[in-house]
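Beneath this line is the structure, given in structure tokens, with notes to follow.
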């Protein structure tokens with residue numbers, strides 16, 4: 001090998017002109033900036049698939065995306081209350097809370113440590129609370145009044161009448177609800193009989209909540 | 001887990017389950033395996049939120065848990081199954097396949113189970129019957145038995161399978177009072193359960209309930225509520241069903257092969273291949289290299305009479321298929337008129353190669369594609385040889401080769417003549433490695449999907465005002481039409497939106513949506 005150093009000195013296994021530059025030429029300039037973010041394309045891209053199949057799948061995809069936002073699997077963190085506790089909090093509609101889960105999984109298939117209290121839907125809660133306080137009271141008279149209400153105000157108080165019917169149902173199944181009622185006692189959602197439709201109520205907590213940081217502006 | 005895959009998982013989780021689950025999921029993917037406490041500590045989220053997210057992920061089969069490093073007595077560890085998250089991209093395709101095979105009922109069953117992760121048979125049947133009844137005209141309702149029969153068909157063809165049962169740790173037999181409740185160990189593979197595809201016996205009779213908002217619906221609501229609490233009475237408590245993704249993928253693979261045959265040869269050959277694949281659907285294991293051997297007599301008997309293929313024609317078609325360079329069908333024997341198999345792996349490899357070639361052609365032009373195909377066939381070539389074989393002038397060939405090299409589609413192999421890799425005494429050969437290149441393209445696809453999703457989110461945010469306005473307009477239109485307004489009022493309302501803006505936005509979002517699904521489908525199947 002030492003002997004052949006002189007003989008085969010400038011013999012390359014590839015032809016030198018294939019490199020693109022000869023001896024003594026300066027190398028091509030090196031790139032100083034990163035390559036552009038959207039480099040111009042040499043060839044236009046192939047058009048997308050079209051057709052009935054694709055349209056159907058597109059509609060399906062949009063539907064799935066929209067509906068998955070409404071499922072209980074879509075988890076939103078509970079809003080931290082920056083203000084003092086208010087009386088109106090009792091009447092707020094259901095905001096997601098951190099310590100309860102909105103659907104009931106099969107706990108036997110999950111590790112025990114993941115077990116959280118399952119949040120009962122609003123309707124069952126209504127029956128539970130008033131039940132405890134009103135059991136000694138006369139239940140029959142209440143039902144008559146409720147039925148009158150139902151027949152008189154069908155449309156506007158549809159929501160209320162549903163809730164009150166559930167109260168009746170819960171009274172019928174009160175034994176089943178008894179153990180659950182103790183758990184739900186801690187629930188803050190109390191829908192006592194009020195004349196106000198809950199969804200109309202807005203305690204104005206959101207107003208001005210965004211501009212709290214900027215104290216220079218006067219708040220009207 | 002590549003960076004692109006992690007990013008894609010995060011975006012998908014965010015799209016379907018929200019920001020909290022996304023944070024938990026991405027952190028768990030990056031860290032590998034974690035316990036609950038460690039996860040809560042590192043993500044700095046409240047423990048309850050982490051618990052809820054893990055419940056969601058376990059419910060959908062994306063997260064598995066098991067006894068950790070310290071054995072069954074230690075804390076439970078969780079890990080994420082990324083492949084499962086990628087399947088979320090293909091949900092529409094699964095649903096569409098179910099629809100084409102089993103009609104609307106099958107479609108709704110698969111959709112319900114996909115959205116909920118796992119469900120019992122009885123709850124699926126009830127929900128689907130209710131949904132179908134809702135769409136039917138007044139007075140009609142869907143009977144449970146029809147839904148049950150569609151469900152059984154899906155199970156028989158293995159599209160649905162039982163969720164694997166959890167084996168609880170046997171070591172918790174110690175009698176200590178403060179022993180923690182048995183930690184469920186890693187769920188076993190679903191296929192290892194012998195009852196995987198066995199339908200449970202349920203006594204479920206009735207019809208779908210129509211949800212009505214009027215007073216008359218009270219009785220139904222009451223009955224519906226009672227029915228929901230009576231789940232355990234149906235007899236299939238604890239038996240959950242999930243979608244068998246692998247079976248769907250096998251179905252897609254078969255479809256790809258059949259369409260390739262029909263493109264390359266003709267319709268009749270593709271029908272023959274379809275028959276062969278259908279006959280060996282359930283007998284062929286998932287990752288087999290080729291199907292079971294089928295004799296020509298069997299194929300002839302199984303062919304549908306509508307195709308009108310005579311026996312000698314069938315033999316000719318089969319010999320054509322065998323001689324085809326794509327090697328879809330192979331002949332393994334002569335008994336029974338000739339034993340034929342479908343070469344699954346080889347067909348897929350050839351399809352992948354064709355995909356690679358077409359990608360290079362579309363991105364770099366047909367001459368670069370010629371060089372690429374040359375390298376695929378000749379394996380290793382020097383630069384001079386490339387120029388000669390491809391019949392392209394030296395300067396241009398060099399340019400194209402270097403472009404392909406910089407994109408990493410072509411690799412350089414050095415063969416030294418001397419132990420020191422002196423450039424003057426080394427051969428430099430260009431080569432293409434098919435599998436790594438295919439994987440590279442797959443990563444490109446993931447990146448593209450990520451970019452498209454982010455672009456869609458950006459566009460939606462930018463034009464949120466416009467979108468909301470159009471939604472309000474639609475609502476107003478609907479209400480106006482309901483009250484019988486004049487056409488002039490309608491047009492006036494419609495013109496409130498500037499048409500070009502709306503069109504542009506809609507078309508952009510449509511394209512983005514379409515690209516998301518379509519791109520990933522073909523590429524992934526080719527890289528099996």
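Just a few scattered comments:
- Positions within segment B:388-405 being at the interface with chain A (Cβ under 10 Å from one of its Cβ atoms) and without any contact (Cβ under 8 Å) to a residue 24 or more places away in the chain, in sequence order: B:394, B:395, B:398, B:399, B:402
- Residues that are away from chain A (no Cβ under 14 Å) and either in a helix (DSSP H, G or I) or modelled with pLDDT of 90 or more (or both) within segment B:81-98 comprise B:82, B:83, B:84, B:86, listed in sequence order.
- Flag for residue B:101 being closer than 19 Å to residue A:76 by Cα, at pLDDT 90 or above and either away from chain A (no Cβ under 11 Å) or assigned to a helix (DSSP H, G or I) (or both): no
- Some residue of segment B:419-436 being assigned to a strand (DSSP E or B) and within 30 Å of residue B:1 (Cβ to Cβ): yes
- Of the criteria (1) at pLDDT 90 or above; (2) out of contact with any strand residue (DSSP E or B) (no Cβ under 7 Å at 6 or more places or on another chain); (3) surrounded by 15 or more Cβ atoms within 10 Å (Cβ to Cβ); (4) more than 14 Å from chain A (Cβ to nearest Cβ), which one residue B:346 fails: (1)
- Checked against (1) under 29 Å from the mean Cα position of the chain (by Cα); (2) more than 8 Å from chain A (Cβ to nearest Cβ); (3) crowded, with 18+ Cβ neighbours inside 10 Å, residue B:52 passes all but a single condition, namely (2).
- When residue B:334 is tested against (1) out of contact with any helix residue (DSSP H, G or I) (no Cβ under 9 Å at 6 or more places or on another chain); (2) at pLDDT 85 or above; (3) closer than 19 Å to residue B:262 by Cα, only condition (3) is not met.
- Scope segment B:263-274; condition over 18 Å from residue B:248 (Cα atoms) and without any contact (Cβ under 8 Å) to a residue 60 or more places away in the chain; matching residues: B:263, B:265, B:266, B:267, B:268, B:269, B:270, B:271, B:272
- Extreme residue, nearest to the other protein chains (Cβ to nearest Cβ), among residues of segment A:50-71 that are assigned to a loop (DSSP other than H, G, I, E, B) and in contact with a helix residue (DSSP H, G or I) (Cβ under 9 Å, 6 or more places away or on another chain): A:71
- Segment B:48-107: number of residues that are closer than 30 Å to residue A:52 by Cβ and in contact with a strand residue (DSSP E or B) (Cβ under 8 Å, 6 or more places away or on another chain): 1
- Near pairs, Cβ below 6 angstrom, 6+ apart or cross-chain, from segment A:89-105 (within 12 Å of residue A:79 (Cα to Cα)) to any residue that is modelled with pLDDT of 70 or more: A:96/A:76; A:96/A:78; A:97/A:78; A:98/A:78; A:98/B:46; A:98/B:48; A:98/B:49
- For segment B:272-298, a tally of residues being surrounded by 14 or more Cβ atoms within 10 Å (Cβ to Cβ) and farther than 11 Å from residue B:342 by Cβ returns 5.
- Residue within segment B:393-408 that is surrounded by 14 or more Cβ atoms within 10 Å (Cβ to Cβ), out of contact with any helix residue (DSSP H, G or I) (no Cβ under 8 Å at 6 or more places or on another chain) and more than 22 Å from residue A:39 (Cβ to Cβ) present: no
- Test: residue in segment B:386-394 that is under 30 Å from residue B:2 (Cβ atoms) and touching a strand residue (DSSP E or B) at 6+ places or on another chain (Cβ under 9 Å): no
- Residue B:412 being within 12 Å of chain A (Cβ to nearest Cβ), outside any helix (DSSP H, G or I) and in contact with a helix residue (DSSP H, G or I) (Cβ under 9 Å, 6 or more places away or on another chain): yes
- Residue B:351 meets each of the listed conditions (1) at pLDDT below 90; (2) within 12 Å of chain A (Cβ to nearest Cβ) apart from (2).
The values are calculated or read from the model by the stated rules, or taken from the named source; none is laboratory data. The shown structure was predicted, so the numbers you read here are calculated from the model rather than taken from an experiment. Cβ: placed from backbone, ideal geometry, glycine included. Neighbour counts: every protein chain shown.
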